[in-house]
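Take a look at the following structure, please.
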Amino acid sequence: MSYLLVDNAEILVTMNAGRDEIPRGSVLIRDRVVEKTGSSKEIRSFIESRDITPEHIIDAQGCVVLPGLVNCHHHLYQTLTRTIGTGEGKSLFDWLRLLYPIWAQMDADAVYVSAKLGLVELLLSGATTVADHLYLFPNDARLDDEIRAARELGVRFHPTRGSMSLGQSQGGLPPDSVCEDEDDILRDCERVISEFHDPEPLSMLRIGLAPCSPFSVTPELMRRCAALARQHAKVNLHTHLAETVDENRFCEQKFGMRPIAYLESLGWTGDDVWYAHMVHPDPDEIQTLVATQSGVCHCPSSNMILASGIAPIREMSDAGVRIGLGVDGSASNDGNHLLGEARQAMLLQRVGWPGFESSADRFTARDALELATLGGAAVLNRDDIGSLAQGMAADLVGFIVDGLAHAGSQSDLVAGLLTCTPANTWFSVINGKPVVQEGKIPGLDMQALVANHNQHAKRLLQQAGH
Ligand SMILES: [Zn+2]
């Protein structure tokens with residue numbers, strides 16, 4: 001048995017059932033789980049009474065400590081194509097048409113390097129659990145390549161085996177060249193489940209199945225993926241849904257139904273399903289989400305950059321929908337800062353839009369932090385992450401709040417994490433192991449990683465004729 005002590009945080013945010021926030025708080029970790037939380041004084045006397053000697057002590061003075069943040073939707077490979085189309089302002093379908101041929105140049109190395117870079121950025125912004133959606137497998141690219149990057153970094157990972165099968169020749173959006181044969185897709189889904197999926201509590205890796213969107217796969221592929229996932233414990237289903245008005249229109253024209261009714265008709269609702277975006281649900285659709293316990297990942301930066309709209313997070317949350325947070329992108333966000341994304345969620349919900357009054361208290365800083373922790377855990381169908389309490393996974397992060405950006409925010413250091421400029425994490429612990437230490441990932445050659453990544457990014461552009 002080995003112990004790690006995170007000691008003396010300015011405030012320890014537990015996200016436990018009572019939402020306790022403990023001044024001068026400490027967390028004692030035993031192996032992979034939280035053993036005890038409390039004030040530094042309480043934890044120190046507990047340690048003495050049990051004759052415990054922690055092997056490692058992290059001094060959290062000057063930090064707010066909270067459960068590790070959970071990212072529920074992402075495309076890590078898109079770090080390779082940041083700013084293409086977003087600077088000039090393309091909307092979703094035009095942006096996708098511009099990017100598909102560039103993404104078609106990816107290979108295994110490009111997937112690995114981009115995943116590593118994106119995950120590093122996420123880790124430094126406070127993420128400890130990351131779901132990713134990889135839905136193109138050109139050349140020799142495989143899901144295995146991003147799994148290798150995640151394992152090297154020690155992040156808790158939910159990679160989803162995505163897919164596209166409805167090419168332009170069949171009325172879909174992507175060119176046929178980036179679509180796959182449906183039997184091949186199913187075979188590879190089965191392969192990655194059997195090779196990598198761990199359904200056990202405290203799992204560091206769970207596979208999900210994720211046909212890309214209604215406009216890029218056939219109904220048959222959606223049905224077959226759902227059937228396959230449900231043969232295995234804890235293999236969840238994921239897709240993009242109700243992201244734009246264009247998509248709602250596409251579903252009505254092609255399938256004669258709005259997006260959620262369409263997915264319901266395919267068996268794609270339930271507590272093992274989560275959708276990215278859900279910007280345009282009507283009140284009946286929100287009720288369907290509640291009744292079926294289907295989850296939603298909110299991606300505010302992406303929704304703003306592509307002008308997709310404002311997702312009614314307050315309404316869905318009040319109705320009882322499971323909602324988490326995701327940076328999406330990275331090419332439809334151009335950033336991977338998860339704490340920053342929580343700030344975006346807080347700000348965007350306060351803005352008024354047709355049918356909704358502006359209201360500063362529609363979404364508080366604590367609402368947004370809950371979305372990024374407990375919300376994400378619920379969306380990924382996990383009861384072992386998202387809060388700090390006895391027996392929970394030992395995933396936590398510390399953000400410095402005694403520096404320049406937070407000067408003057410002593411009245412509420414927790415809210416200050418989001419109302420002030422979001423910081424990078426000073427330390428993180430994942431699965432009981434220190435990952436970020438003093439703002440850095442030990443052993444990582446950042447310069448070499450960025451240089452290698454940029455070479456891949458340039459190669460993709462050249463090969464795509466840009
Ligand atoms: Zn996405």
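Would you please give the residues with an amide H less than 5 Å from that of PHE157, counting only those at least 5 places away or on a separate chain, with H modeled from the backbone geometry?
Residues meeting the criterion, in which the H sits 1.01 Å from N, are VAL130, LEU205, ARG206.
Please return the longest stretch of the chain lacking exposed loop sites, where GluC sites (Glu not before Pro) count only if DSSP places them in a loop and at most 15 other Cβ atoms lie within 10 Å.
89-356
Step through the residues of segment 420-425 one at a time and calculate ³J(HN,Hα) from phi using the Karplus curve (6.51 cos²θ - 1.76 cosθ + 1.60, θ = phi - 60°), rounding each to whole Hz and writing x for Gly and Pro.
Values, residue by residue: 8, 4, x, 8, 7, 6 Hz.
Hey, another quick one. Pairing the Cα long axis of helix 40-50 with the longest principal axis of the chain, what angle in degrees results, from 0 to 90 and rounded to the nearest 10?
Approximately 80 degrees, to the nearest ten.
Under a Cβ-Cβ limit of 4.7 Å, which cysteines in the chain have nobody to pair with?
Cysteines of the chain left without a disulfide-compatible partner: CYS63, CYS179, CYS189, CYS212, CYS225, CYS251, CYS299, CYS420.
I'd like the Karplus ³J(HN,Hα) series for segment 392-402: coefficients 6.51, -1.76, 1.60, θ = phi - 60°, whole numbers in Hz, and an x wherever there's a Gly or Pro.
So the J values, rounded to whole Hz, are 6, 4, 7, 10, 8, 9, x, 10, 5, 10, 10.
Right, another one. Please state, rounded to one decimal and in Å, the Kirkwood hydrodynamic radius that segment 69-146 gives when every pair of distinct Cα atoms enters the mean of 1/r.
Answer for segment 69-146: a Kirkwood hydrodynamic radius of 13.2 Å.
Then there is this: Can you run phi through the Karplus equation (6.51, -1.76, 1.60; θ = phi - 60°) for segment 133-150 and list ³J(HN,Hα) in whole Hz, with x for Gly and Pro?
10, 9, 10, 10, 10, x, 6, 9, 5, 9, 4, 3, 5, 7, 5, 4, 4, 5
Students often forget the sequence filter, so: which lysines lie under 20 Å Cα-Cα from LYS433 once same-chain residues fewer than 8 apart are removed?
Partners found: LYS36, LYS116.
Another one. For a quick check: with amide H placed at 1.01 Å from N, whose amide H comes under 5 Å from LEU202's, ignoring anything fewer than 5 positions away on the same chain?
none
Within segment 61-129, what whole-number % of the accessible surface is contributed by carbon and sulfur, with the 1.4 Å probe and all protein chains included in the calculation?
Exposed carbon and sulfur together represent 43 percent of the surface.
Give a quick list of trypsin sites (Lys or Arg not before Pro) in segment 104-195 that DSSP marks as loop, anything other than H, G, I, E or B, with at most 16 other Cβ atoms within 10 Å.
When the trypsin sites (Lys or Arg not before Pro) of segment 104-195 are filtered for loop state and at most 16 Cβ neighbours within 10 Å, nothing remains.
With every protein chain left in place, what is the accessible area per residue of the chain in square angstrom, probe 1.4 Å?
On a per-residue basis, the chain sits at 37 Å².
Further question: List the residues, sorted by chain then number, that are 5 or more residues from ASN16 or on another chain and whose placed amide H is less than 5 Å from its amide H.
LEU388
Hey, another quick one. So for the chain, Kirkwood radius off the Cα pairs, Stokes-Einstein at 25 °C and 0.890 mPa s: how many µm² s⁻¹?
Estimated diffusion coefficient is 110 µm²/s.
Filter the trypsin sites (Lys or Arg not before Pro) in segment 303-399 down to the DSSP loop ones having no more than 13 other Cβ atoms within 10 Å, then list what survives.
none
Helix 92-103 versus the longest principal axis of the chain: what angle, 0 to 90°, nearest 10, using Cα atoms?
Computed tilt is about 90 degrees.
Tilt of helix 245-255 relative to the longest C-alpha principal axis of the chain, in degrees (0 to 90, nearest 10)?
The angle comes out at about 50 degrees.
Also: Rounded to the nearest 20 Debye, what is the dipole magnitude of the chain about its Cα centre when Lys and Arg each give +1 and Asp and Glu each give -1 at the C-beta?
Charge dipole of the chain: 320 debye, to the nearest 20.
For the chain, give me the percentage of DSSP beta bridges that are antiparallel, rounded to the nearest 5 percent.
Within the chain, antiparallel bridges account for around 45 percent of the total.
The values are calculated or read from the model by the stated rules, or taken from the named source; none is laboratory data. The shown structure was predicted, so the numbers you read here are calculated from the model rather than taken from an experiment. Cβ sites come from the backbone with ideal geometry, for glycine too, and all protein chains shown count toward neighbours. Heads up: the accessible areas ignore ligands, DNA and RNA and are worked out on the full protein's heavy atoms, side chains in. Shrake-Rupley method; radii C 1.70, N 1.55, O 1.52, S 1.80 Å.
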